[in-house]
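Here's the structure we're looking at; comments come further down.
The values are calculated or read from the model by the stated rules, or taken from the named source; none is laboratory data. In this text the structure is predicted, and so the values were computed from the model without any measurement. All Cβ positions, glycine included, derive from the backbone under ideal geometry; neighbour counts span all protein chains shown. Surface accessibility is based on the protein's heavy atoms, side chains included, excluding ligands, DNA and RNA. Shrake-Rupley method; radii C 1.70, N 1.55, O 1.52, S 1.80 Å.
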Amino acid sequence: ANMFTWKKVMDRAGLFDVTLKSGGDREWGQRGAALGYHLRYAPAAVVLHPARQSFSQIRRRNIRVNGGHHQLRQRTQPAGTGAKTLGRELFKDLCPPVRFAWRIAGDGRIRGLRNKALVTGFHMMVKLSNALARVGHQMGREPLR
(Lines give C-alpha, C1' and ligand atoms only; values in the text may rest on other atoms or scores of the structure.)
Protein backbone atom coordinates (compact mmCIF):
# COMPACT_ATOMS: atom_id res chain seq x y z
CA ALA A 1 0.00 0.00 0.00
CA ASN A 2 3.01 2.30 0.21
CA MET A 3 6.52 2.71 -1.08
CA PHE A 4 9.29 5.15 -0.24
CA THR A 5 12.27 5.80 -2.46
CA TRP A 6 14.67 8.50 -3.56
CA LYS A 7 14.08 10.80 -6.51
CA LYS A 8 17.23 9.49 -8.21
CA VAL A 9 15.72 5.99 -8.21
CA MET A 10 12.53 7.28 -9.84
CA ASP A 11 14.63 9.21 -12.36
CA ARG A 12 16.41 5.99 -13.36
CA ALA A 13 13.53 3.49 -13.13
CA GLY A 14 10.86 5.83 -14.42
CA LEU A 15 7.36 6.48 -13.13
CA PHE A 16 4.58 4.00 -12.50
CA ASP A 17 2.77 2.82 -15.63
CA VAL A 18 -0.59 4.57 -15.27
CA THR A 19 -2.10 2.56 -18.14
CA LEU A 20 -2.14 -0.60 -16.00
CA LYS A 21 -5.38 -1.19 -14.12
CA SER A 22 -3.47 -3.01 -11.37
CA GLY A 23 0.04 -4.28 -10.74
CA GLY A 24 1.87 -1.07 -11.61
CA ASP A 25 3.78 -1.27 -8.33
CA ARG A 26 4.95 -4.78 -9.11
CA GLU A 27 5.94 -3.86 -12.65
CA TRP A 28 7.85 -0.81 -11.36
CA GLY A 29 9.57 -2.99 -8.74
CA GLN A 30 10.73 -5.36 -11.46
CA ARG A 31 12.18 -2.44 -13.42
CA GLY A 32 13.95 -1.21 -10.31
CA ALA A 33 15.32 -4.68 -9.54
CA ALA A 34 16.61 -4.97 -13.11
CA LEU A 35 18.58 -1.78 -12.45
CA GLY A 36 20.11 -3.30 -9.33
CA TYR A 37 17.89 -1.73 -6.66
CA HIS A 38 16.69 -3.87 -3.76
CA LEU A 39 13.55 -3.70 -1.68
CA ARG A 40 13.88 -3.38 2.07
CA TYR A 41 11.20 -3.71 4.70
CA ALA A 42 10.80 -0.70 7.02
CA PRO A 43 9.04 -1.85 10.20
CA ALA A 44 8.64 1.76 11.40
CA ALA A 45 6.56 2.63 8.31
CA VAL A 46 3.07 1.61 9.37
CA VAL A 47 0.33 1.66 6.75
CA LEU A 48 -3.30 1.24 7.69
CA HIS A 49 -5.28 -0.21 4.83
CA PRO A 50 -8.96 -1.06 5.35
CA ALA A 51 -9.83 -4.72 4.94
CA ARG A 52 -12.50 -5.63 2.45
CA GLN A 53 -15.77 -6.34 4.20
CA SER A 54 -17.63 -8.56 1.72
CA PHE A 55 -17.13 -11.18 -0.92
CA SER A 56 -18.31 -8.72 -3.62
CA GLN A 57 -15.52 -6.30 -2.61
CA ILE A 58 -12.97 -9.13 -2.83
CA ARG A 59 -14.41 -10.23 -6.17
CA ARG A 60 -14.10 -6.67 -7.60
CA ARG A 61 -10.50 -6.56 -6.37
CA ASN A 62 -9.78 -9.93 -8.01
CA ILE A 63 -11.20 -8.71 -11.32
CA ARG A 64 -9.03 -5.57 -11.13
CA VAL A 65 -5.85 -7.42 -10.11
CA ASN A 66 -6.32 -10.15 -12.70
CA GLY A 67 -6.98 -7.47 -15.31
CA GLY A 68 -3.64 -5.86 -14.52
CA HIS A 69 -1.88 -9.23 -14.70
CA HIS A 70 -3.56 -9.89 -18.04
CA GLN A 71 -2.34 -6.53 -19.38
CA LEU A 72 1.23 -7.30 -18.28
CA ARG A 73 1.12 -10.80 -19.81
CA GLN A 74 -0.06 -9.36 -23.11
CA ARG A 75 2.90 -6.98 -23.14
CA THR A 76 5.63 -9.34 -21.97
CA GLN A 77 4.84 -12.86 -23.20
CA PRO A 78 5.70 -14.09 -26.66
CA ALA A 79 2.71 -14.49 -28.97
CA GLY A 80 0.97 -17.84 -28.61
CA THR A 81 2.02 -18.53 -25.00
CA GLY A 82 -1.01 -16.92 -23.34
CA ALA A 83 -3.19 -20.03 -23.44
CA LYS A 84 -0.47 -22.13 -21.82
CA THR A 85 0.01 -19.61 -19.02
CA LEU A 86 -3.75 -19.28 -18.58
CA GLY A 87 -4.03 -23.06 -18.34
CA ARG A 88 -1.43 -23.20 -15.55
CA GLU A 89 -3.11 -20.38 -13.66
CA LEU A 90 -6.57 -21.93 -14.01
CA PHE A 91 -5.20 -25.26 -12.81
CA LYS A 92 -3.87 -23.56 -9.66
CA ASP A 93 -7.13 -21.67 -9.15
CA LEU A 94 -9.35 -24.71 -9.58
CA CYS A 95 -7.32 -27.25 -7.60
CA PRO A 96 -8.82 -27.96 -4.18
CA PRO A 97 -6.91 -25.98 -1.54
CA VAL A 98 -5.69 -29.01 0.39
CA ARG A 99 -2.59 -27.38 1.91
CA PHE A 100 -4.62 -24.30 2.85
CA ALA A 101 -7.32 -26.44 4.48
CA TRP A 102 -4.68 -28.40 6.38
CA ARG A 103 -3.10 -25.18 7.63
CA ILE A 104 -6.52 -23.82 8.70
CA ALA A 105 -7.33 -27.10 10.48
CA GLY A 106 -4.23 -26.66 12.64
CA ASP A 107 -4.66 -22.91 13.23
CA GLY A 108 -5.62 -22.36 16.86
CA ARG A 109 -6.83 -18.81 16.17
CA ILE A 110 -9.84 -20.19 14.28
CA ARG A 111 -12.08 -21.97 16.75
CA GLY A 112 -14.42 -24.81 15.84
CA LEU A 113 -14.81 -27.08 12.85
CA ARG A 114 -17.66 -24.97 11.41
CA ASN A 115 -15.52 -21.81 11.35
CA LYS A 116 -12.57 -23.69 9.83
CA ALA A 117 -14.91 -25.04 7.12
CA LEU A 118 -16.28 -21.53 6.48
CA VAL A 119 -12.78 -20.07 6.07
CA THR A 120 -11.80 -22.89 3.71
CA GLY A 121 -15.05 -22.52 1.73
CA PHE A 122 -14.53 -18.76 1.44
CA HIS A 123 -11.00 -19.38 0.18
CA MET A 124 -12.39 -21.76 -2.45
CA MET A 125 -14.89 -19.08 -3.56
CA VAL A 126 -12.04 -16.58 -3.95
CA LYS A 127 -10.06 -19.08 -6.03
CA LEU A 128 -13.11 -19.67 -8.27
CA SER A 129 -13.57 -15.90 -8.58
CA ASN A 130 -9.93 -15.64 -9.71
CA ALA A 131 -10.48 -18.32 -12.34
CA LEU A 132 -13.60 -16.60 -13.69
CA ALA A 133 -11.81 -13.24 -13.85
CA ARG A 134 -8.90 -14.82 -15.76
CA VAL A 135 -11.22 -16.44 -18.29
CA GLY A 136 -13.19 -13.22 -18.71
CA HIS A 137 -10.07 -11.21 -19.47
CA GLN A 138 -8.76 -13.87 -21.84
CA MET A 139 -12.09 -13.72 -23.69
CA GLY A 140 -11.79 -9.96 -24.12
CA ARG A 141 -13.29 -8.46 -20.98
CA GLU A 142 -11.73 -5.02 -20.56
CA PRO A 143 -9.71 -4.68 -17.34
CA LEU A 144 -11.41 -2.27 -14.93
CA ARG A 145 -9.98 0.09 -12.35
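Structural remarks
- The chain - percent of accessible surface contributed by carbon and sulfur, probe 1.4 Å: 60 percent
- Mean Cβ count within 10 Å, highest first, over the residues of peptides 47-53, 93-99: 93-99, 47-53
- Separation of alpha-carbon centers, region 26-77 and region 83-145, rounded to whole Å: 18 Å
- For the peptides 106-116, 120-130, residues were scored by their other Cβ atoms within 10 Å and the scores averaged per peptide; the highest-first order is 120-130, 106-116.
- Protein heavy-atom accessible surface, 1.4 Å probe, per residue over the chain: 75 Å².
- Cα shape, region 34-79, gyration tensor, a/c 1.5 rule: oblate
- Candidate values [x] 23.5, 87; [y] 14.4, 50; [z] 18.2, 53 were compared with Rg and Dmax of the Cα atoms in Å computed on the shown model; the agreeing label is [z].
- Chymotrypsin sites (Phe, Trp or Tyr not before Pro) restricted to region 6-64 and DSSP loop, no more than 13 other C-beta within 10 Å: W6, Y41
- Along principal axes, Cα extents of region 1-79, largest first, whole Å: 43, 40, 17
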